[in-house]
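To start, the structure itself, in structure tokens.
The values are calculated or read from the model by the stated rules, or taken from the named source; none is laboratory data. Quantities reported herein were computed from a predicted structural model and do not represent experimental measurements. Neighbour counts are summed over all protein chains in view; Cβ atoms, including those assigned to glycine, are modelled from backbone coordinates with ideal geometry. The area values use the complete protein model at the heavy-atom level, side chains included, leaving out ligands, DNA and RNA. Shrake-Rupley method; radii C 1.70, N 1.55, O 1.52, S 1.80 Å.
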Amino acid sequence: MTSGGTIAKNWHTKIRHTNIRQKGLIAALAVATVLAGCSQTSGDRASTGIYRFLGSARNPQIETLEQTVEYTIVPASRTMVNAPDAVIVFERNLGGAIEQRIVLPNETSITGDNVLHIRAQTADSSRLEEFNFDEVATRFGGLPVPFTRASAADMRSGNDSLGRFVYASETLGTGTNCVLVLRRLGVGARPLPQGTSALDVVMRNCVNGTVEQALAPMSERALGVGGTVRPGSFTLSPYAAPRS
């Protein structure tokens, strides 16, 4: 049997380790506060590092840019992926992380736009070592209709020559199919904007057709090249699907 003295000793040891961890976090937050007083950018970067350490999807550095940097309309030739049916293309620069919203045609009665939402990520804008469902949903402004309540557990896995992706599908009415697709393409998959390390793509597409037709704008043919790159010039992606 374990003696009362041993239990007490283990309990005090646990408390001591917890206190050490808490003190470390408090010290880190204090440093972030000091840095914030010197530079908003430095403070946001330090805070982001702390949130990442705690496993949070919060990213004050990129959140500030998301709330202040506006989109501009750019020519369809500027798209980072092949999207010949694009209705309009919006772009903004989030501190080196280039983001585009490519609006696709929507011939269904489903509310909202069909969109290819793309962000060329940097080490500051995303955790490049992990493609996390919750972080992607947060950074891309939430999930679109009809997938607003979707979770990582609802996603199915797909695979093509660019690597793995995950998707969910919904059949609405007669013959209308909607898909939500998430995937990450690395430097081995296709050319990326200078200074970025991965291309994160989220698509909502609703069509009067099959799931396969809804998935087409997210296919290897579309994502392997951009509008100004020679068709077919892609290789295998070293990145996997999002983790829960």
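Things worth noting here:
- At R0 = 25 Å, FRET efficiency that the Cβ-Cβ distance of S169 and T72 yields, to 0.05: 0.15
- Portion, in percent, of the accessible area of the range 50-218 that falls on carbon or sulfur, probe 1.4 Å: 50 percent
- Exposure rank, largest accessible area first [R156, R184; 1.4 Å]: R156, R184
- Per residue, the range 100-222 exposes an accessible area of 41 Å² to a 1.4 Å probe, with every protein chain left in place.
- 3J(HN,Hα) couplings calculated from phi for the range 211-222 with the Karplus curve 6.51 cos²θ - 1.76 cosθ + 1.60 (θ = phi - 60°) are, in sequence order, 4, 4, 5, 5, 7, 3, x, 9, 6, 4, 5, 6 Hz; Gly and Pro show x.
- Whole-Å semi-axes of the ellipsoid equivalent to the range 50-218 (Cα gyration tensor, √5λ, descending): 25, 19, 16
- Two-site label geometry, E212 and T64: point separation in nm, points 7 Å out along Cα→Cβ: 5.0 nm
- I50 paired with V87, simple spin-label distance in nm, labels 7 Å along Cα-to-beta-carbon: 4.3 nm
- Largest first, the residues E220, E135 sort by 1.4 Å accessible area into E220, E135.
- Spin-label model distance (nm) - T148 vs A123, 7 Å beyond Cα toward Cβ: 3.9 nm
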